[in-house]
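Visitor: Have a look at this one before I ask anything.
The values are calculated or read from the model by the stated rules, or taken from the named source; none is laboratory data. All values reported here derive from a predicted model rather than from experimental measurement. Positions of Cβ are generated from backbone atoms using ideal geometry, with glycine treated the same way; all protein chains shown enter the neighbour counts. Only protein heavy atoms, including side chains, enter the accessible area calculation; ligands, DNA and RNA are left aside. Shrake-Rupley method; radii C 1.70, N 1.55, O 1.52, S 1.80 Å.
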Amino acid sequence: MTRLVQSLGAATLDQLAHLGRMGLFLVYMIRGIVKPPGKFWSVIKQIHFIGTKSFFVIGFTAAFTGMVLGLQGYYTLSKFGSEGLLGSGVALSLIRELGPVLSALMVTGRAGSAICAEIGIMRIDEQIDALECMAIDPYSYLITPKLLAGLVCLPLLTAYCDVVGIFGGYLVGVDLLGVSPGAYLSGVENSVVWKDVYMGMVKSLGFAVLMIWICTYKGFYAGVDDGNFGPEQVGRATTNAVVLSSVSILAADYVVTSILL
Amino acid sequence: MMVQSSPENGSLREGIFSIPLHGPVAMTTVPEIRKVLLGAAKKRAVKEIRIDFSRVSKLDTSGVAMLVETWRGLARRGGALRLSGLSENAKRLIQLARLDQIFEIRDEAGSRIEYGS
Amino acid sequence: MERRRLELGVGLFLVIGLSCLGYLSFKLGDIHPWGSSDYEVHARFSNVAGLKDKAAVTMAGVTIGQVKNIRLDDGQALLTMGIHKDVRLEEDVIASIKTMGIIGDKYVYVSPGASEEYIKPGGMIRDTQPPLDLENLVSKFVFGNVEKSKQ
Amino acid sequence: MGHRDLIDVCGLNSHYSGRQVLFDIRFGIPDTNITVIMGVSGCGKTTLLRHLIGLKRTRPEQIMVDGQDLGKFNEEEMRNYRRRLGVLFQSGALFNSMTVSQNIAVPLKVHTRLSDETIRIMALIKLNLLGLAEFGAFMPSQLSGGMRKRAGLARALAMDPEILFVDEPSSGLDPITAAGLDRLILELRDTLGMTIIVVTHELESAFRIADRLIVMDRGCILAAGSPDEIRASQNERVLQFLERKADTAEINTAGYLSRIMGNEITRSGR
């Protein structure tokens, strides 16, 4: 019995230590913004990696999501004879929820996993140690550029996702199912208010921080706890990072929505 | 730190630009010295650059790299770079970099005659 | 070469992303950083049941502006509408609230007037008609029996 | 040694998740000397190295650098200390997203205001020093293990460090390259006056370069001294190590048997 309580206590303390380390990691990551070295070019490179290269994935995701929304929305709304609301339905669900969440999830899958693996490899190959020994702050040099790039990319990708999705809904609703173009577009324009757009952007910024934070953290500490720096640790860290980021993004989505709505 | 090299005191006479350096010629000071040397190496009137190292306290790889750049600028126009007063360590560093062939290195005595007054 | 590709990729990404963001905020979100192209007109209704912000304001079926704000004022609903600059409303126009379709969106209908004078920006439409309470009507019509049976 | 040592390890104890791996290590590292730390794998020499370069936290009053306490360094002091260091890691630890030249340029770009051209020439000088002049534009993944290690050394030398730490310089290298590396290490000490600390288990190379040898075993120092002193040592383990005799497997038979029987036993003996 004492043993059970003891191991429970130990596990709790362990988790607390992890949380503390993760919090500290976030602090260092943010502190890196004001610390040298200059990071203009590394941020540009990361924007290229996180943003430009996610363009097609997000475009496809958004187009098909918009099309499905158009299809589903049409069949539901046509039961009430309100096909005219299709535009607002598609636009609102994209801008408020699906745009930010889908882009964040896609970016996590595409870029987050790669970021985690990249940093994990640097950890097991002693490259992070090498950075520290060159008196270069690994947070400022490695992690912060990714954070900044994520903060630039995700809102833009979200906006792009929204627009492409609305266009996809238009394609299905107007060209395929015969909703009048004017009704669709005016539905889009009249239902969306600034607050919806704003909420979507706030979400995407939050998701960017979450995703970069979790993915870089998992990579940074790949194998550290086990004291075993084998390649399998990178794989494990990457899987963990993607799962944890995705779940936290969905959870955070609920929290942000309930606060902002 | 010793006195910083003040490269303004270089002099140009009959196509020969002579400049004594002092203090460390190292990563912290090279950017400034480099400007002067490359500026001189670019001038058409300059046929030869002579650098006096006798009061240089330290030479590191960045200094050697700077000398290479200067030499390259001169060599394109057939000019020459002469170094004098190099300490034993500095000479070894240049030898280690396998660059002792391209610079004209004068020994201690020669340099004293050149820049004695 | 590689650097140029990088710059091009990032540049394109930023341009497309920013234009999407711009479309969302300026066209859909109605943010007007360079001043609005509308002028404001107010109207008082006894009841605006179901009218929402951003609902269209129309005249003869043409959209001439939109509802900007609805608030309670002295037991009545005070509407603020943004009307396009190039549309001038006569003093004696009548504003009423109508519905598109049966459960479609509510909108403000402004019937043309004949007066020589025009409403100034920030002015008031005097004559208003509250909406026909369609929901009430429909529910009476459809669910009437149900309610009766309940009682 | 008349003057004070550059680095003084005075009673270093170290733990890994509760298990003690270094026991009261004491030795000094004089400057412009090559100190070689030797021992079989797992004896704690890499851990010792990680303490010396500040990658593993050291408790106060266990390592002194220039009379300053490494265990009490704040961030700024640690950064200043590390700027004096060059470290070659076992794998070379090159950044694999950059070419070899870019790798060497990293510390220069971050810490100095030198122009790109100066940095390029400096990188080339260092590469030439290690016989890699033609490989500047290669990615680390295109190099062999030995070349990667040499490129790593070129990067460690990029800032002309005062103190050079080398982890297993010749492991995995062919004998000729290894001998070349040894000669270079000697040359660096002689021409640039570097203080060099080498961690290795290669006897031959250790005796070739060392001014001072430190033999470690199971987290303790077995012997320390000049190569001749070590050769003359009568310590059994040292002799065994020098003569490359395999460990005779007389390790605690009782414990082994009881483990086989599935009995949990407390650590016996050492």
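Visitor: If I require 27 Å or longer along the helix axis, counting alpha carbons, and a Kyte-Doolittle average no lower than 0.0, what helices from chain A are left? Use full DSSP H segments.
Guide: A:2-31, A:55-78, A:144-170, A:194-220, A:231-260
Visitor: Within segment D:46-81, which trypsin sites (Lys or Arg not before Pro) sit in a loop by DSSP and count at most 12 neighbouring Cβ atoms inside 10 Å?
Guide: Sites meeting the loop and neighbour criteria: D:Arg57.
Visitor: Quick one: grab the alpha carbon gyration tensor of segment A:1-147, order the square roots of its eigenvalues as a ≥ b ≥ c, and give me rounded if a/c is under 1.5, else prolate or oblate depending on whether a/b is larger than b/c.
Guide: oblate
Visitor: Give, as a single signed number, the net charge of other residues whose beta carbon lies under 12 Å from the beta carbon of D:Ile209, with Lys and Arg counted +1 and Asp and Glu -1.
Guide: -2
Visitor: Here's something else I'd like to know. Per residue of segment D:157-171, what does 6.51 cos²θ - 1.76 cosθ + 1.60 with θ = phi - 60° give for ³J(HN,Hα)? Whole Hz please, x for Gly and Pro, Karplus curve as stated.
Guide: In residue order, the calculated couplings are 8, 3, 8, 6, x, 8, 10, 10, 9, 10, 9, 6, x, 9, 5 Hz.
Visitor: Could you compute Rg(Cα) / (2.2 N^0.38 Å) for segment A:112-155, with N its residue count?
Guide: 1.25
Visitor: Can I ask one more? Taking amide H positions as placed in the peptide plane 1.01 Å from N, state which residues far from B:Ser57 in sequence (5 or more) or on other chains have amide H under 5 Å from it.
Guide: Here B:Gly23, B:Val25 satisfy the definition.
Visitor: Also, quick follow-up: Report ³J(HN,Hα) in whole Hz for each residue of segment A:32-37, in order, from the Karplus equation J = 6.51 cos²θ - 1.76 cosθ + 1.60 where θ = phi - 60°; Gly and Pro get x.
Guide: My calculation for segment A:32-37 gives x, 4, 9, 9, x, x Hz in order.
Visitor: For segment A:18-75 and segment A:193-261, what is the separation of their C-alpha centers, rounded to whole Å?
Guide: Cα centroid to Cα centroid, the span is 10 Å.
Visitor: Sticking with the crude label model, points 7 Å out along Cα→Cβ, report the distance from B:Glu48 to C:Arg4 in nm, one decimal please.
Guide: Rounded to a tenth, the inter-label distance reads 4.4 nm.
Visitor: Rounded to the nearest 500, what is the protein assembly as shown's calculated 222 nm mean residue ellipticity when only DSSP H runs of at least 4 contribute -39500 (n - 2.57) each, over all residues?
Guide: -15500 deg cm²/dmol
Visitor: Would you mind working out the accessible area per residue for the protein assembly as shown, using a 1.4 Å probe, and quoting it in Å²?
Guide: Ligands and nucleic acids excluded, the result is 50 Å² per residue.
Visitor: Okay, moving on. Of A:Lys35/A:Lys203; A:Lys45/A:Lys218; A:Lys35/A:Lys146, which ones are farther than 23 Å apart at the Cα?
Guide: Correct reply: A:Lys35/A:Lys203.
Visitor: Could you name the lysines in cross-link range of B:Lys43, using Cα to Cα under 24 Å and dropping any fewer than eight places away on the same chain?
Guide: B:Lys35
Visitor: Among the aspartates and glutamates, select those whose C-alpha is under 14 Å from the C-alpha of A:Lys195, and discard any that sit fewer than 8 residues away in the same chain.
Guide: Cross-link targets: A:Glu97, C:Asp30, C:Asp53.
Visitor: Under a Cβ-Cβ cut-off of 10 Å, what is the net charge of the residues other than C:Ala43 that fall near it, where Lys and Arg count +1 and Asp and Glu count -1?
Guide: Its environment carries a net charge of +1.
Visitor: Relative contact order, percent, of chain A when contacts are C-alpha pairs under 8 Å separated by at least 6 residues?
Guide: Value for chain A: 32 percent.
Visitor: Taking accessible area as the heavy-atom solvent-accessible surface of the protein chains with a 1.4 Å probe, which residues of segment D:157-192 lose no less than 30 Å² upon going from the isolated chain to the full protein assembly?
Guide: D:Asp160, D:Glu187, D:Thr191, D:Leu192
Visitor: Connecting C-alpha atoms closer than 10 Å in a GNM of chain D, tell me which of D:Ser91, D:Ser14, D:Ser144 has the biggest fluctuation.
Guide: In this elastic network of chain D, the residue with the biggest mean-square fluctuation among D:Ser91, D:Ser14, D:Ser144 is D:Ser144.
Visitor: Which of D:Ala93, D:Gly131, D:Ile29 sits farthest toward the positive end of the charge dipole of segment D:11-136, with +1 on the Cβ of Lys and Arg and -1 on the Cβ of Asp and Glu?
Guide: It is D:Ala93.
Visitor: Whole percent per 20 Å bin, from 0 to the bin with the longest distance: what is P(r) over all C-alpha pairs of the protein assembly as shown?
Guide: Each 20 Å bin holds this share of Cα pairs: 13, 32, 27, 18, 10, 2, 0.
Visitor: 7 Å from Cα along Cα→Cβ at both D:Phe207 and D:Glu75: what's the point-to-point distance in nm?
Guide: 4.9
Visitor: Calculate the FRET efficiency for A:Thr239 and C:Gln76 from the Cβ-Cβ distance with a Förster distance of 60 Å, rounded to the nearest 0.05.
Guide: E between A:Thr239 and C:Gln76, to the nearest 0.05, is 0.45.
Visitor: Also, quick follow-up: Name all residues of segment D:94-116 having a backbone nitrogen under 17 Å from the label point set 7 Å from the Cα of B:Glu32 along its Cα→Cβ direction, giving them as ranges.
Guide: Backbone N within reach: D:112-115.
Visitor: Unpartnered cysteines of chain A (Cβ-Cβ under 4.7 Å counts as a partner)?
Guide: Cys with no partner Cβ under 4.7 Å: A:Cys133, A:Cys153, A:Cys161.
Visitor: Using r as the Cβ-Cβ distance of D:Met98 and A:Tyr198, and R0 as 35 Å, what FRET efficiency do you calculate, to the nearest 0.05?
Guide: Once rounded, the FRET efficiency stands at 0.30.
Visitor: If you don't mind, another one. What distance in nm lies between label points placed 7 Å from Cα along the C-beta direction at D:Leu186 and D:Ser226?
Guide: 1.6
Visitor: For D:Lys72, list the aspartates and glutamates whose Cα falls under 12 Å from its own Cα; do not include residues on the same chain fewer than 8 positions away.
Guide: Filter leaves D:Glu61.
Visitor: Could you give the alpha-carbon Rg of segment D:119-172 over 2.2 N^0.38 Å, rounded to two decimals?
Guide: Expressed relative to 2.2 N^0.38 Å, the Cα Rg reads 1.10.
Visitor: Determine the total buried accessible area between chain B and chain D, counting protein heavy atoms only with a 1.4 Å probe; round to the nearest 100 Å².
Guide: Result for this pair: about 1700 Å² buried.
Visitor: So if I restrict to the alpha-carbon atoms in chain D, what is the Rg, and what is Dmax, the biggest pairwise distance, in Å?
Guide: 20.3, 69
Visitor: Hey, can you rank D:207-218, C:87-98, C:111-122 by average C-beta count inside 10 Å, highest first?
Guide: Result, highest mean first: D:207-218, C:87-98, C:111-122.
Visitor: For segment C:38-132, what proportion of DSSP beta bridges, expressed in % and rounded to the nearest 5, is antiparallel?
Guide: Around 75 percent antiparallel, to the nearest 5.
Visitor: Residues with beta-carbon under 12 Å from that of D:Gly11, excluding D:Gly11: net charge, scoring Lys, Arg +1 and Asp, Glu -1?
Guide: Charge balance in the 12 Å sphere: -1.
Visitor: What is the ratio of the Cα radius of gyration of chain A to 2.2 N^0.38 Å, where N is its residue count, to two decimals?
Guide: 1.19
Visitor: For D:Ala179 and D:Ser144, what does the FRET efficiency come to when R0 = 22 Å and r is the distance between their Cβ atoms, rounded to the nearest 0.05?
Guide: 0.85
Visitor: At 10 °C and a viscosity of 1.306 mPa s, what translational diffusion coefficient does Stokes-Einstein give for segment B:6-106, taking Rh as the Kirkwood radius over Cα pairs? Give it in µm²/s as a whole number.
Guide: The Stokes-Einstein estimate is 120 µm²/s.
Visitor: Compute the semi-axes of the equivalent ellipsoid of segment C:38-132, taking the square root of 5 times each eigenvalue of the Cα gyration tensor, and list them largest first in whole Å.
Guide: Working from the Cα gyration tensor, I get semi-axes of 19, 15, 12 Å.
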